[in-house]
1. Heavy atoms of the protein only, probe of 1.4 Å, neighbouring chains included. What is the accessible area of Met1 in Å², nearest 10?
2. Roll a 1.4 angstrom probe over the protein heavy atoms and tell me the percent of accessible area of the chain that is carbon or sulfur.
3. In terms of modelled amide H atoms, which long-range or inter-chain residues lie less than 5 Å from the amide H of Ile87?
4. Give me log10 I(q)/I(0) at q = 0.24 Å⁻¹ for the range 121-171, Debye formula, one equal scatterer per alpha-carbon, no solvent.
5. Give me the aspartates and glutamates in straight-line cross-link reach of Lys151: C-alpha distance below 14 Å, same-chain residues under 8 apart excluded.
6. Which percentage, to the nearest 5, of the DSSP beta bridges contained in the chain is antiparallel?
7. What accessible area per residue comes out for the chain, rounded to a whole number of Å², with a 1.4 Å probe?
8. Through the Karplus equation 6.51 cos²θ - 1.76 cosθ + 1.60, θ set to phi - 60°, convert the phi angles of the range 70-78 into ³J(HN,Hα) values in whole Hz; use x for Gly and Pro.
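The values are calculated or read from the model by the stated rules, or taken from the named source; none is laboratory data. Computed from a prediction, not measured in an experiment: that's the story for all the values here. With ideal geometry, Cβ positions are generated from the backbone for all residues, glycine too; neighbour counts draw on all protein chains shown. For accessibility, only protein heavy atoms count, side chains too; no ligands or nucleic acids. Shrake-Rupley method; radii C 1.70, N 1.55, O 1.52, S 1.80 Å.
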Amino acid sequence: MKIIVINGSARKNGNTATMLKSYLEGASSVSDVIETKIVNLYELQYTGCIGCLGCKAKKGNNYGKCVVKDGIYDLLREVTSADAVVIGSPIYFGEITGQLRSFLERLVFPLYTYRLDQKILTPKRFPVTMIYTMNVTKEMFDQIQLGTSLKRLEDLMERIFTTPDTLYAYNTYQVNNYDNYELEVFSEPAKAEHRRMQFPIDCQKAYDRGKKTAQSLLE
Ligand SMILES: Cc1cc2nc3c(=O)[nH]c(=O)nc-3n(C[C@H](O)[C@H](O)[C@H](O)COP(=O)(O)O)c2cc1C
């Protein structure tokens with residue numbers, strides 16, 4: 001049983017990574033037979049899909065597989081054979097990060113077909129969890145309908161894998177010392193209070209989701 005966690009943030013100890021680690025702790029608490037792995041995308045050298053259509057070539061053995069031999073070639077194969085996948089991203093300009101987007105292009109396009117029967121080539125429909133962290137408050141998230149742009153990605157994940165379970169951490173604390181940066185629009189005391197009171201609850205939710213996913217894999 002293998003759960004792969006994809007960190008789409010550049011920060012290995014940032015808000016997203018902290019949530020993902022809580023998820024993994026929850027999953028690991030269930031049983032030793034659950035193998036877990038965290039992948040920091042920003043440590044890998046790769047591009048988004050280059051549109052070579054090698055994954056759709058009729059000849060050869062690569063139908064349904066990305067043929068681009070760069071830093072995620074093996075990882076893509078590992079992810080498609082995992083038992084559960086967790087994807088975390090900070091929100092950058094209302095979307096997931098570019099690095100994660102590039103990774104998902106490479107993961108999803110080979111599994112997506114242009115066949116008349118619209119067959120999806122996913123070998124295993126594993127559970128997917130999406131974890132997002134962001135500066136905006138829940139109220140702002142709703143007001144600017146940020147969920148609508150994220151839903152497009154979630155719909156795609158649903159089509160290729162399964163309906164993703166989603167988890168959001170709002171109003172995150174961005175830097176260790178707000179005085180050192182020009183971040184006037186944010187109230188540091190309000191952010192600090194939110195981090196003290198709410199972020200542990202968000203991490204606990206991630207822990208519980210990890211535990212639940214692991215338990216479901218053992219059923
Ligand atoms: C380039 C960039 C763009 C960002 N854009 C947004 C945004 O559109 N909305 C938002 O709520 N937060 C935005 N943020 C804030 C991050 O999403 C937030 O601080 C997040 O929790 C950082 O996660 P990390 O600690 O894992 O890097 C942005 C941050 C950066 C660096």
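1. Here the residue's solvent-accessible area equals roughly 90 Å².
2. Looking at the chain in its full context, I get 51 percent from C and S.
3. It is Ile6, Thr129, Met130, Ile131, by chain and number.
4. Each listed q maps to, in turn, -0.89.
5. Candidates past the 8-residue exclusion: Glu95, Asp142, Asp165.
6. DSSP beta bridges in the chain are roughly 5 percent antiparallel.
7. That works out to 54 Å² per residue.
8. Computed from phi, the couplings for the range 70-78 are 10, x, 10, 3, 6, 4, 4, 5, 5 Hz.
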